[in-house]
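Here is the structure we will look at, set down as structure tokens.
The values are calculated or read from the model by the stated rules, or taken from the named source; none is laboratory data. All figures in this text were calculated on a predicted structure; none of them were measured in a lab. Every residue, glycine among them, receives a Cβ derived from its backbone with ideal geometry; neighbour counts consider all protein chains shown.
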Amino acid sequence: MTTSFITTAIPYVNAQPHLGFAYELVLGDVLARHRRRRGDAVRFVTGTDENSLKNVAAAANQGVPVRTLVDRNAGAFRALGPLLGVESDDFVRTATDPRHPTAVAWLWRACAAAGDLYRRRWDGRYCPGCEAFVDDDVAICDEHHVAPEPVSEDNWFFRLSRYREPLREAIVSGRLAIVPEAARSETLGFLDGPVHDLSVSRDAARAGGWGIRVPDDDSQVVYVWFDALASYLASLGLGGEGDLLERYWHRGDERAHVIGKGISRFHAVYWPAFLLSAGLPLPDRILVHGYLTVDGKKIAKTGNGVDVPPIVDRFGSDALRWYFVRRCRTRGDADVKLAQIAAAYDGDLCDRLGNLVQRCVTLLSRTAAGRVPRGRDDATLRPLAEALPARVDAAIADFLFDDAVASIIELVDAANRGLEASAPWRVARTDPGAAAELLYAPLEAARIAAGELAPFVPGVARTIAERLGGAELATGWGRLQPGSLLPVGPPPFPRLASRDLLQEGEQSS
């Protein structure tokens with residue numbers, strides 16, 4: 001059996017979660033669900049990054065203990081998964097999970113044994129938003145739009161310069177795939193320049209004692225990006241017992257990290273270098289998505305953050321998931337418009353898929369007592385339906401989820417066109433049995449489309465399966481069983497725009 005290990009990045013918990021991380025969480029969940037649907041053994045992991053100096057600063061600004069702030073916000077991040085219909089296999093809190101400090105210490109000592117850690121004085125400029133030192137010629141951080149702060153202290157350094165060529169070779173050869181090409185080119189461009197050794201610890205006094213202490217050096221805490229990246233393998237038991245690490249990392253078929261573009265260097269350069277130093281396998285794929293923006297500005301936890309619970313309350317989790325995969329192209333930034341959530345859901349899932357099923361089931365109730373007929377083979381729909389899984393697989397392999405769902409909607413559109421062309425409602429006037437037979441192909445196309453939609457909008461897929469008499473959503477033409485009773489009822493998916501107008505009317509009356 002093929003194995004897939006999939007992670008999201010783990011976000012800082014200096015504030016409540018916003019729509020940007022919800023997007024990443026859904027992308028990771030879609031990939032994991034798709035792999036499971038194809039028969040893979042999947043381990044999907046997310047969590048929270050709690051040992052950052054940003055969390056220390058945020059707690060000080062709010063006048064609360066760091067533990068109080070971290071616990072409160074980590075709870076909100078944990079709740080985000082169920083709210084969005086995300087099914088992760090593990091959730092790692094770096095400040096409380098006992099597996100995590102064990103993994104960090106193991107990775108640190110492995111890098112030290114390789115001769116890649118040394119201590120020296122450092123005078124430089126530091127961006128607290130990035131939690132990283134920056135070059136002297138950087139006046140303002142492009143990511144956080146603030147001037148770096150001067151810092152001078154003794155730290156432990158990692159010999160990143162030693163791994164410049166091994167990293168280049170891994171990326172150029174495809175051993176470490178970075179998707180999309182823009183992120184790959186950016187990473188290679190960084191490696192083409194001067195690659196300096198990396199500070200991987202911070203003064204414990206400056207951190208207020210918060211964080212994981214450097215093994216055998218209590219004066220230092222481990223740098224948050226060394227710490228946080230180790231959480232991926234902490235979830236598999238690095239440094240402890242169990243077979244998850246062997247199964248999903250050492251012998252894993254797919255090791256994929258889903259991340260935002262602002263942290264690609266940490267995942268595509270620093271993390272692989274730590275792994276090479278420690279003698280561990282590299283990830284297979286770094287999947288880099290763009291930002292969500294509001295009025296062209298990146299969504300941030302502190303600033304223009306967009307709260308997730310009110311959006312889910314208003315539209316539902318499937319509508320938000322559909323907006324993410326249908327309207328937010330992974331390879332670029334996407335400006336969020338709340339009205340587009342209802343428009344995407346109504347236009348695709350209500351008016352096209354839901355209406356297709358509703359029309360067929362209603363007519364079937366009049367022509368065949370609601371029983372699935374023996375179908376006629378369809379020379380147009382069947383080839384499209386049988387080719388759909390491969391098209392979805394190819395798009396997901398390229399990290400183009402919007403292309404994947406577009407191909408599914410193409411099948412639904414073809415089924416609707418076929419229904420209009422065959423006009424079974426006219427045939428039913430003289431031959432109800434023949435009319436019923438004409439409904440098999442569009443209903444079977446809807447079943448196959450729902451199956452392929454399941455990783456993206458699981459609630460929608462379940463609803464269609466129920467309306468098709470509890471049909472299985474497996475691939476392969478002809479699985480809709482003749483004789484099955486299809487219940488008649490209201491449209492599968494009420495239009496969100498209509499519901500919003502009704503709610504507004506109730507509030508104004």
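For this structure, a couple of remarks:
- Test: residue in segment 422-440 that is closer than 14 Å to Leu356 by Cα and surrounded by fewer than 17 Cβ atoms within 10 Å (Cβ to Cβ): yes
- In the set (1) in contact (Cβ under 8 Å) with a residue 24 or more places away in the chain; (2) surrounded by 21 or more Cβ atoms within 10 Å (Cβ to Cβ); (3) not assigned by TED's automatic domain parsing to the domain that holds Pro82, the condition left unmet by Arg331 is number (2).
Yes or no, residue by residue, for (1) touching an Asp or Glu at 6+ places or on another chain (Cβ under 6 Å); (2) in the same structural domain as Gly252 (by TED's automatic domain parsing); (3) at pLDDT below 95; (4) within 17 Å of His267 (Cα to Cα):
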{"position": "Asn14", "(1), (2), (3), (4)": "no, yes, yes, no"}
{"position": "Pro17", "(1), (2), (3), (4)": "no, yes, yes, no"}
{"position": "Gly28", "(1), (2), (3), (4)": "no, yes, no, yes"}
{"position": "Ala32", "(1), (2), (3), (4)": "no, yes, no, no"}
{"position": "Arg36", "(1), (2), (3), (4)": "no, yes, no, no"}
{"position": "Asp40", "(1), (2), (3), (4)": "no, yes, no, no"}
{"position": "Val45", "(1), (2), (3), (4)": "yes, yes, no, yes"}
{"position": "Asn55", "(1), (2), (3), (4)": "no, yes, yes, no"}
{"position": "Val64", "(1), (2), (3), (4)": "no, yes, no, no"}
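- Number of positions in segment 294-337 that are at pLDDT 95 or above, of a type in the set (A, V, I, L, M, F, W, C) and in a loop (DSSP other than H, G, I, E, B): 1
- The listed residues are Pro383, Pro373, and the only one of them that is closer than 30 Å to Pro424 by Cβ and either acidic (Asp, Glu) or in contact with a helix residue (DSSP H, G or I) (Cβ under 9 Å, 6 or more places away or on another chain) (or both) turns out to be Pro373.
- Of all residues in segment 431-483, those that are aromatic (Phe, Trp, Tyr) and either assigned by TED's automatic domain parsing to the domain that holds Arg37 or assigned to a loop (DSSP other than H, G, I, E, B) (or both) total 2.
- When residues of segment 37-64 are limited to those that are among the hydrophobic types (A, V, I, L, M, F, W, C) and buried (at least 18 other Cβ atoms within 10 Å of the Cβ), the one nearest to Ile6 (Cα to Cα): Phe44
- Asp295 satisfies every condition listed in (1) surrounded by 20 or more Cβ atoms within 10 Å (Cβ to Cβ); (2) out of contact with any helix residue (DSSP H, G or I) (no Cβ under 6 Å at 6 or more places or on another chain) except (1).
- Close contacts from segment 282-293, counting a first residue that is in a strand (DSSP E or B) and a second that is of a type in the set (Lys, Arg), with Cβ to Cβ under 6 Å and a gap of 6+ residues or different chains, come to Val288/Lys261.
- Every pair of residues 6+ apart whose Cβ atoms lie under 9 Å, when the first sits in segment 63-77 and is farther than 20 Å from Pro309 by Cα while the second is not small (Gly, Ala, Ser) and not in a helix (DSSP H, G or I): Val66/Glu50; Val66/Trp210; Arg67/Trp210
- Options Ser231, Ser199, Ser185: the member that is without any contact (Cβ under 8 Å) to a residue 12 or more places away in the chain and hydroxyl-bearing (Ser, Thr, Tyr): Ser185
- Taken together, the residues in segment 68-105 that are aromatic (Phe, Trp, Tyr) and surrounded by fewer than 19 Cβ atoms within 10 Å (Cβ to Cβ) amount to 1.
- Listed by position, the helices (runs of 4 or more DSSP H) contained in segment 338-398 that have at least 2 residues being more than 15 Å from Gly476 (Cα to Cα), modelled with pLDDT of 95 or more and not aliphatic (A, V, I, L, M) are 355-367.
Residues checked against (1) in the same structural domain as Leu176 (by TED's automatic domain parsing); (2) charged (D, E, K, R):
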| site | (1), (2) |
| --- | --- |
| Arg265 | yes, yes |
| Trp271 | yes, no |
| Gly296 | yes, no |
| Ala300 | yes, no |
| Ala319 | no, no |
| Arg326 | no, yes |
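- Test: residue in segment 214-222 that is without any contact (Cβ under 8 Å) to a residue 12 or more places away in the chain and either closer than 23 Å to Thr48 by Cα or not in a loop (DSSP other than H, G, I, E, B) (or both): no
- Test for Val392: is it surrounded by 20 or more Cβ atoms within 10 Å (Cβ to Cβ) and more than 30 Å from Tyr163 (Cβ to Cβ): yes
- Qualifying residue in segment 105-122 (condition: of a type in the set (Phe, Trp, Tyr) and at pLDDT below 95): yes
- Filter result for Gly316 (crowded, with 20+ Cβ neighbours inside 10 Å, small (Gly, Ala, Ser), under 30 Å from Val372 (Cα atoms) and in contact (Cβ under 8 Å) with a residue 12 or more places away in the chain): no
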